[in-house]
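Here the structure comes first, spelled out in structure tokens, and everything after it is commentary.
The values are calculated or read from the model by the stated rules, or taken from the named source; none is laboratory data. Here the structure is a predicted model, which is why all the values come from computation and not from measurement. A quick note on method: Cβ atoms are made from the backbone with ideal geometry, for glycine too, and the neighbour counts reach across all protein chains shown. Only protein heavy atoms, including side chains, enter the accessible area calculation; ligands, DNA and RNA are left aside. Shrake-Rupley method; radii C 1.70, N 1.55, O 1.52, S 1.80 Å.
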Amino acid sequence: MSAGITGRQGPIAGHIPFHPEVERLLASPPTVFIDGQRVQTRTGSTADVADPSSGQLLWVAAEADADDVDVAVRAARVAFQSGAWTVHMKPADRQRCLWRLAELIERDAEIFGQLDALDCGRPYATVAGGDVPASAEHFAYYAGWVTKLTGRTYPVDPEGMHVYSVREPIGVVGLITPWNYPLLMASWKLAPALAAGNCVVLKPAEQTPLSALHLADLAMEAGFPPGVFNVVTGNGSLTGAALVAHRGVDKIGFTGSVEVAQSIVAASAIDLKRVSLELGGKSPNIVFPDADLERAVEGALWATVGNSGQSCTAGTRLYVHSRIYDDFVSSLIAKASALTHGAGMASVDHDLGPLITSTQLDRVLGWIDSAASSGATIAQGGHQLGGPLADGYFIEPTVLTDVTDDLEVVREEIFGPVVAVMPFTDVDEVIARANDSRFGLAAGVWSTNLATVHEVASKVQAGTIWVNTWGLTAAAVPFGGMKQSGHGREMGEDAIDLYSETKSVWMGWT
Ligand code: ADP
């Protein structure tokens, strides 16, 4: 058993009982999914998967090595070359496959809810009622795109040339996803990649492989030809790196850390693979005195603590106008201290789950200690939870005050429920401070003054600006980062661009 993981998890009193299919999946042997079926890896090498709510062993996953990745990539290549998903399948039929997969995801909401709640500790209700419908929405939205992948005509020489463009799939696409919203992050990439006609090899995060494998089973039920959608499980430096290095992969779509993205960009230089990246953030959230303060406190709280702070968009730099600062901080602390915690599968409703691993818990506690020793005040929280949750990786929502812009907790992504609250006095000042970051994923502004809102929305460097709200995304709306938060935009038509090539055709007739 891996370090830190304790005995195997069985049924727990006070938890939602396992769905029979979840029980079956947890009892299943370690497999990957290649060419339409679950298969064992060549070496049989495995890795333990823990439930972060209990620290106990949940499942044993297969660890695919470079040979297994090669088999998966070849299966995807054969499927792509065969045209089974493109030239020999009418767009309307490909559309039906994606639509049917959306329906099957909804049908299996309880199963997906349990798999992701167990694997990453998120409250079951937020997965089954949030991530699952959002994932289904992605497949339904991109199902619509399949029949609308049109090109253009160009009036270059109307008398002797017919010039037009078409959109074609890129080929075999490797998708590497993180553990924080396992099903949803996979769906953000799979739906547009498949809609555009690519064949894919998905590598989910090693901490959360279960929902990806179940999704692959459902793709077969939805009528996908074998080889179109493959899943390899395993850790990043082995399985992920093999996928990136494989010459048969035409593009990598990645969501994760800046450090891994740097290694992917470097490794992909060898064959100039296409790469799109959705990376971290250190999102500023700015509250002006004319905002609806009750909504702003609630919004600022959830911007930070949502998914226990394990969101790339987390609004962890909270700038509050000095005129309202003291009252705002008091309300924030009151709300943060009232939040409840529980295991992903706890049957009693609760607000927050654990962090993903004991390593991540130690890292977050380390960031808090380092801020405190640099003069920050821990105004709320700052500790691991004890009592009945002591075996899981739970941490109190943490509010830091008396922080300066140069502290690491203000500059680096923490991936825990830790917010640094800082006063400001002037709009130009706060815009400059908001932009003083290597990240540019998202930002928030809370104000009822249109001029203020427009100024902040136009001058803050971020791929998404939320005004008097936080955290909303939808399949139709582009999402991605400026600066070191990424390359390219997912969702909407932008993701079709990300997963297709434009071909121009010059046809002379004279
Ligand atoms: P996080 O910090 O959110 O865990 P990572 O960037 O470490 O993010 O991981 C995101 C995904 O990238 C996971 O699926 C992980 O296995 C994968 N990964 C990690 N290292 C590599 C690598 N060297 N090459 C390819 N994929 C990797």
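What the table below lists for this structure:
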{"item": "Condition met for A125 (assigned to a helix (DSSP H, G or I) and either open to solvent by less than 50 Å² (accessible area, probe 1.4 Å) or touching a Leu at 6+ places or on another chain (Cβ under 9 Å) (or both))", "result": "no"}
{"item": "Only one of I286, I264, I324, I333 that is within 16 Å of the ligand (Cβ to nearest atom) and over 16 Å from the mean Cα position of the chain (by Cα)", "result": "I264"}
{"item": "Yes/no for V297 being touching a Ser or Thr at 6+ places or on another chain (Cβ under 7 Å) and free of Cβ contacts under 8 Å to residues at least 40 places away in the same chain", "result": "yes"}
{"item": "Answer from S311, S268 - the residue that is modelled with pLDDT of 95 or more and more than 28 Å from R122 (Cα to Cα)", "result": "S268"}
{"item": "Only one of A195, A216, A242, A222 that is in contact (Cβ under 8 Å) with a residue 12 or more places away in the chain and within 12 Å of the ligand (Cβ to nearest atom)", "result": "A242"}
{"item": "Residue among G471, G463, G480, G488 that alone is open to solvent by less than 10 Å² (accessible area, probe 1.4 Å) and within 22 Å of S311 (Cα to Cα)", "result": "G480"}
{"item": "Residue within region 60-75 that is in contact with a strand residue (DSSP E or B) (Cβ under 9 Å, 6 or more places away or on another chain) and under 30 Å from P388 (Cα atoms) present", "result": "yes"}
{"item": "Residue that is nearest to A390 (Cα to Cα) [pool: residues in region 346-356 that are of a type in the set (A, V, I, L, M) and either touching a Pro at 6+ places or on another chain (Cβ under 9 Å) or within 16 Å of the ligand (Cβ to nearest atom) (or both)]", "result": "L355"}
{"item": "Search result, residues across region 223-245 that are of a type in the set (G, A, S), farther than 21 Å from A47 by Cα and open to solvent by 10 Å² or more (accessible area, probe 1.4 Å)", "result": "G223, A245"}
{"item": "Wholly enclosed strands (runs of 3 or more DSSP E) of region 28-101 bearing at least 1 residues more than 16 Å from A196 (Cβ to Cβ) and within 23 Å of the chain's Cα centre (by Cα)", "result": "32-34, 46-51, 56-62"}
{"item": "Odd one out for V166 among (1) aliphatic (A, V, I, L, M); (2) farther than 19 Å from K503 by Cα; (3) open to solvent by 10 Å² or more (accessible area, probe 1.4 Å)", "result": "(2)"}
{"item": "Answer residue from region 267-283, given it is open to solvent by less than 70 Å² (accessible area, probe 1.4 Å) and not small (G, A, S) and is nearest to the ligand (Cβ to nearest atom) among those", "result": "L279"}
{"item": "Pairs with Cβ under 7 Å, 6+ apart, first in region 349-365 and assigned by TED's automatic domain parsing to the domain that holds L301 and open to solvent by less than 50 Å² (accessible area, probe 1.4 Å), second among the β-branched types (V, I, T) and within 15 Å of the ligand (Cβ to nearest atom)", "result": "L355/V364; V364/I414"}
{"item": "Test result for D48, at pLDDT 95 or above and either at positive phi or in contact with a Cys (Cβ under 7 Å, 6 or more places away or on another chain) (or both)", "result": "no"}
{"item": "Residue, surrounded by the most Cβ atoms within 10 Å (Cβ to Cβ), within region 198-213, restricted to residues that are over 17 Å from I356 (Cβ atoms), in contact (Cβ under 8 Å) with a residue 40 or more places away in the chain and hydrophobic (A, V, I, L, M, F, W, C)", "result": "V201"}
{"item": "Lone unmet requirement of (1) touching a strand residue (DSSP E or B) at 6+ places or on another chain (Cβ under 6 Å); (2) within 16 Å of the ligand (Cβ to nearest atom); (3) assigned to a loop (DSSP other than H, G, I, E, B) for L175", "result": "(3)"}
{"item": "Residue within region 183-195 that is in a loop (DSSP other than H, G, I, E, B) and either in contact with a Pro (Cβ under 6 Å, 6 or more places away or on another chain) or under 25 Å from K273 (Cβ atoms) (or both) present", "result": "no"}
